[in-house]
2 protein chains.
Amino acid sequence: MSDLLERLRGRGWRMTAQRRVVAEVLDGEHVHLTADEVHARAVAKLPEISRATVYNTLGELVSLGEVLEVATDKRAKRYDPNAHRPHHHLVCAQCGAIRDVHPTGNPLADLPDTERFGFTVSDVEVTYRGVCPNCAAA
Amino acid sequence: MSDLLERLRGRGWRMTAQRRVVAEVLDGEHVHLTADEVHARAVAKLPEISRATVYNTLGELVSLGEVLEVATDKRAKRYDPNAHRPHHHLVCAQCGAIRDVHPTGNPLADLPDTERFGFTVSDVEVTYRGVCPNCAAA
DNA sequence: TCCTACAATGGACATTGTCTAAGTCAAGCA
DNA sequence: TGCTTGACTTAGACAATGTCCATTGTAGGA
């Protein structure tokens, strides 16, 4: 079973069927589902799960730092379970496919003090956009 | 008057009071309004302008490349008229304030071929997050 | 000035997300 | 094992943002 469930239990998270299902749906590499997609897949495993529970659970996973919210799509938030390895995203402008990528260099270092306007900068989010091989072939 | 209106007219854009008002609202540096804010300000100048028109006009300005859509906020799209000077964004995690910034270096070059998965990468969007001086003082 | 294609209107609808009141249940404990 | 309790879940109303469409209005050319 997934490490995620272990970690959550270790943190005193009360385990319920609903939470287990949501955690199971969010498992694997290059998984970037919208809340609605998570709900759809959760319903397939546990038909009576409600939308509110999915939203609540996703929100908790995010505040626990186990899942990342990413805003590559402009419509809906997406949830990325790959929270323990810093990475950025590569998005196909046509079909919306998303890949995790690991650029070299540190973009934080590229922002000189004069461009910080007194902000305390703690984080950076990079989204590359392009066309994926499938769409390029079509 | 603004260059924007000149450019649009030069492209054969049909000029109407509504479009003029939207273009006027979107003028200046560090302007990052939501569609709703644009509508509110447009209504102040032209009370009978409708929401649909604001959305349509914003959409057209974006496809003409005169305005950028930015997704710094997770709720609503924001519109950035500073489309002719490439730049990125610095966002306050607390109050949501947004500044345009110009990092050194080219993040596109930081993505090695092995991390491109066959994509043709054409664009990169960088969002720095931190705390602004106002919020830090509070 | 008149025409006509294009733009604007307003209101219904769609999508995404949040909230609440009431019912349910996991986990600790005797 | 069987309570107890507080956290969890539910359904559905509501809110915010965005889209669509049929109708009405109008900018700009003939």
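Under a 5 Å amide H cut-off, with hydrogens placed 1.01 Å from N, B:Val101 pairs with B:His88, B:His89, B:Leu90 among residues at least 5 apart or on other chains. Scattering from the protein assembly as shown was approximated by placing one identical point on each alpha carbon and applying the Debye formula without solvent; log10 I(q)/I(0) at 0.08, 0.09, 0.10, 0.16 1/Å stands at -0.42, -0.52, -0.64, -1.32. Database remark: amide H of B:Val124 closer than 5 angstrom to the amide H of A:Arg129 (H placed geometrically; neighbours at sequence offset of 5 or more, or on other chains; Pro and chain starts carry no H). Taking every residue in A:68-75 and counting other chain Cβ atoms within 10 Å of its Cβ, the average works out to 2. Under a 10 Å cutoff between Cα atoms, tell me which one of A:Gly118, A:Gly12, A:Gly59 has the largest fluctuation in the Gaussian network model of chain A. It is A:Gly118. Averaged over peptide A:108-118, the number of partner chain Cβ atoms lying within 10 Å of each residue's Cβ comes to 6. For region B:77-82, putting each phi into the Karplus relation 6.51 cos²θ - 1.76 cosθ + 1.60 with θ = phi - 60° gives couplings of 5, 10, 10, 10, x, 7 Hz, in residue order, rounded to whole numbers and with x for Gly and Pro. Counting only other chain Cβ atoms within 10 Å of each residue's Cβ, the peptide B:97-107 averages 5. By a 1.4 Å probe calculation restricted to protein chains, B:Ile98 has an accessible surface near 20 Å², given to the nearest 10.
Leaving ligands and nucleic acids aside, the A/B contact buries around 3400 square angstrom of accessible area in total at a 1.4 Å probe radius. Shape index of chain B: Rg/Rh, with Rg the Cα radius of gyration and Rh the Kirkwood radius from the inverse mean 1/r over Cα pairs, equals 1.03. Taking a ≥ b ≥ c as the square roots of the eigenvalues of the alpha carbon gyration tensor, region B:3-80 is oblate, as a/c is not under 1.5 and a/b does not beat b/c. Across the accessible surface of the protein assembly as shown, with the other protein chains kept in place and a 1.4 Å probe, carbon and sulfur atoms take up 48 percent. Comparing A:Glu60, A:Glu69, A:Glu115 in a Gaussian network model of chain A, where Cα atoms under 10 Å apart are tied by springs, the biggest mean-square fluctuation is seen for A:Glu115. Taking every DSSP bridge with both residues inside the protein assembly as shown, close to 80 percent are antiparallel. Annotation for A:His87 and B:Ser63: the two label points, set 7 Å from Cα along the Cα-Cβ direction, are 3.5 nm apart. Given R0 = 35 Å, the distance between the Cβ atoms of B:Lys77 and B:Asp113 translates into a calculated FRET efficiency of 0.65. Between A:Lys45 and B:Glu37, the modelled labels are 4.0 nm apart [label points 7 Å from Cα along Cα→Cβ]. The share of alpha-carbon pairs in region A:88-137 lying farther apart than 15 Å comes to 56%.
The values are calculated or read from the model by the stated rules, or taken from the named source; none is laboratory data. Values in this document were obtained by computation on a predicted structure and should not be read as measured data. Neighbour counts run over all protein chains shown; Cβ positions are idealised from the backbone, glycine included. Accessible surface is based on the protein model in full, side chains and every heavy atom, while ligands, DNA and RNA are left aside. Shrake-Rupley method; radii C 1.70, N 1.55, O 1.52, S 1.80 Å.
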